[in-house]
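These notes are about the structure you will find just below.
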Amino acid sequence: MTALLKTTGFKFKAGSFSVKLFSNIEGLAKGIATLYAHAEVPATACDFTVHLNTPFGLRRFFRPQVNFSLNGIEPFTPLPVSQALPLLEWGMNWCVTNHNHELLIIHAAVVEKNGTALILPGSPGSGKSTLCAALVELGGWRLLSDELTMVDLQTGCIQPNPRPVSLKNQSIDLAKSFVDKARFSPVVHDTVKGSVAHFTPQKNSIESASKTAQPKLIVYPKYIPNTENSLEQVSKGQSFIQMAENSFNYNVLGIEGFKALAKLHDNVECFSFQYDGNLEYAINTMDSLVR
């Protein structure tokens, strides 16, 4: 893989999209092999051709940095080369959210069970990614995405995008208590998000990437230590506003985005879920909504 990265490019399926990656970063191949262990190699042209390289000049040797680029566009400031793997994941999120307007894309995790898609929006620190990880690893839910809920504008169904699950800070060690450590990338410290690590999705989620799901539930999780657990209904109007604010391309889509979000809320129940970190309780609560 290292030779391909440096020459003709390495192709792989990242969720629902195909990527051709060029890179001169030493050691990057190992991280990709871990996070995309079950990924297909696309036989056709890729959706995105991206570069992840250290700049030329003295910067390659003194406090080396890494740039992410798509078609010559560099959407991020250079980062320390130690953050190359997280930058690749953030860069691929940017590719999807900025270049795919056939879907309404919302910043939220989404999982599926018994034919029902559960959307989990959440701000940093809400416990969204930890809850998502617990549902798919301990609760038997299928991962559709831990970051990007993609709603088909025509059908209203959720288009899966099963990519590595992103975890931050204390949630990393917590997830390692129930996810095989061999599925994790190395922890990268001192990023803009703190300490960051990813783990590869289960094989069945990747193999089911073409299987859409009907959204039926939106749950806004909020992790608060030593709190009283509660599940309360949220008005659809309030949820609509929050989802619009969490969307990457709602304004770009205009009336089509409004229609898609309105149709979504016609078909879902909305809840807020406050929990103290008891994942067994959280899983049982989410399961009760789809029985």
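The values are calculated or read from the model by the stated rules, or taken from the named source; none is laboratory data. Since this is a predicted model, take the numbers as computed values, not measurements. Positions of Cβ are generated from backbone atoms using ideal geometry, with glycine treated the same way; all protein chains shown enter the neighbour counts.
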Subset of segment 265-282, residues within 14 Å of Lys222 (Cα to Cα) and in contact (Cβ under 8 Å) with a residue 60 or more places away in the chain, comes to Tyr275, Gly277, Leu279, Ala282
Exactly one of (1) aliphatic (A, V, I, L, M); (2) within 22 Å of Ala209 (Cβ to Cβ); (3) not assigned by TED's automatic domain parsing to the domain that holds Phe258 is unmet by Val187. Its number?
(2)
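Name every residue in segment 143-163 that is surrounded by fewer than 22 Cβ atoms within 10 Å (Cβ to Cβ) and more than 16 Å from Cys270 (Cβ to Cβ), in order of residue number.
Kept after step one, since they are surrounded by fewer than 22 Cβ atoms within 10 Å (Cβ to Cβ), are these residues of segment 143-163: 152-157.
If the condition is that a residue be surrounded by fewer than 22 Cβ atoms within 10 Å (Cβ to Cβ) and more than 16 Å from Cys270 (Cβ to Cβ), then Asp152, Leu153, Gln154, Thr155, Cys157 are the ones that fit.
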Which fully enclosed helices (runs of 4 or more DSSP H) of segment 199-291 have 3 or more residues being in contact with a Gly (Cβ under 9 Å, 6 or more places away or on another chain) and closer than 19 Å to Glu137 by Cα?
279-288
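Do you know which of the residues in segment 38-47 that are more than 17 Å from the chain's Cα centre (by Cα) and of a type outside the set (Ser, Thr, Tyr) is nearest to Lys203 (Cα to Cα)?
Glu40
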Kindly evaluate Pro124 against the criterion of being assigned by TED's automatic domain parsing to the domain that holds Asn246 and of a type outside the set (S, T, N, Q).
yes
Selection within segment 108-141 - among the charged types (D, E, K, R) and closer than 23 Å to Leu261 by Cα
Glu112, Lys113, Lys128
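Restricting segment 230-239 to residues that are more than 21 Å from the chain's Cα centre (by Cα) and not β-branched (Val, Ile, Thr), which is surrounded by the most Cβ atoms within 10 Å (Cβ to Cβ)? Reasoning before the result, please.
Residues of segment 230-239 that are more than 21 Å from the chain's Cα centre (by Cα), as a first pass: 230-238.
Of the ones still in play, those that are also not β-branched (Val, Ile, Thr) are 230-233, 235-238.
Details: Ser230: 12, Leu231: 15, Glu232: 10, Gln233: 9, Ser235: 10, Lys236: 17, Gly237: 10, Gln238: 12.
If we take residues in segment 230-239 being more than 21 Å from the chain's Cα centre (by Cα) and not β-branched (Val, Ile, Thr), then Lys236 is surrounded by the most Cβ atoms within 10 Å (Cβ to Cβ).
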Out of all the residues in segment 213-229, which are of a type outside the set (Val, Ile, Thr), surrounded by 14 or more Cβ atoms within 10 Å (Cβ to Cβ) and without any contact (Cβ under 8 Å) to a residue 60 or more places away in the chain?
Asn229
